[in-house]
1. Take the residues in segment 105-126 that are of a type in the set (G, A, S) and farther than 16 Å from P144 by Cβ, then tell me which one is surrounded by the most Cβ atoms within 10 Å (Cβ to Cβ).
2. Looking at segment 139-151 only, could you name the residues that are surrounded by fewer than 14 Cβ atoms within 10 Å (Cβ to Cβ) and under 12 Å from G82 (Cα atoms)?
3. Give me a count of the residues in segment 129-138 that are in a strand (DSSP E or B) and either under 11 Å from L86 (Cβ atoms) or not assigned by TED's automatic domain parsing to the domain that holds G99 (or both).
4. Which condition does A53 not pass, out of (1) at pLDDT 75 or above; (2) over 26 Å from R121 (Cα atoms), if it passes all the others?
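The values are calculated or read from the model by the stated rules, or taken from the named source; none is laboratory data. No experiment lies behind these values; they were computed from the predicted model shown. Ideal geometry is used to build each Cβ from the backbone, glycine not excepted, and the neighbour counts take in all protein chains shown.
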Amino acid sequence: MNQEQIKTLIDALAASELAELEFSENGSTLRLVKQAALAARAPRRAGVAGRQARVPAAERVAPQPAQAQAPVSTECLAPLYGVVHLQPTPDEPPFVQAGQAIRAGQILCVIEAMKVFNEVRAERDATVQAVLVRSGQEVEAGQPLFRFDAE
């Protein structure tokens, strides 16, 4: 599997309505999961030992039941494992800062994985409450990157 194949698979997943994609070749397996699907399944993964559970599509998109204490903020989760970059170059200001109002589609950070730079964009308008990572830090898929005020 080469970088061009991986990029093609990432683009194919992004352009589709699929929540996840798994590709195997020559004993290597690449599994891609969209951020929304990862967040929806996160509570369910705690009870799975050894391998991922296969969750029917209808259950993946089902809304989670409201908890007793409704959160007053939301988080942006890392869509994949890699090194987070909070600014375009070391000499430039960060993409976003705590207290800043952001718009849907605005770049929040970039995650570098296998020499590919993946933009992480805001899903909706909000205000950045906190930046939870530092530039150059390795992050896991599903790890919180930013906390936003609920609007």
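1. If we filter segment 105-126 for residues that are of a type in the set (G, A, S), which is where we start, we get 105, 113, 122, 126.
Subsequent filtering for residues that are farther than 16 Å from P144 by Cβ retains 105, 113.
Working: G105: 11, A113: 17.
The qualifying residue surrounded by the most Cβ atoms within 10 Å (Cβ to Cβ) is A113.
2. E140
3. Initially, segment 129-138 is screened for residues in a strand (DSSP E or B), giving 129-131, 138.
From what's left, either under 11 Å from L86 (Cβ atoms) or not assigned by TED's automatic domain parsing to the domain that holds G99 (or both): 131.
Of the residues in segment 129-138, 1 are in a strand (DSSP E or B) and either under 11 Å from L86 (Cβ atoms) or not assigned by TED's automatic domain parsing to the domain that holds G99 (or both).
4. A53 satisfies every listed condition except (1).
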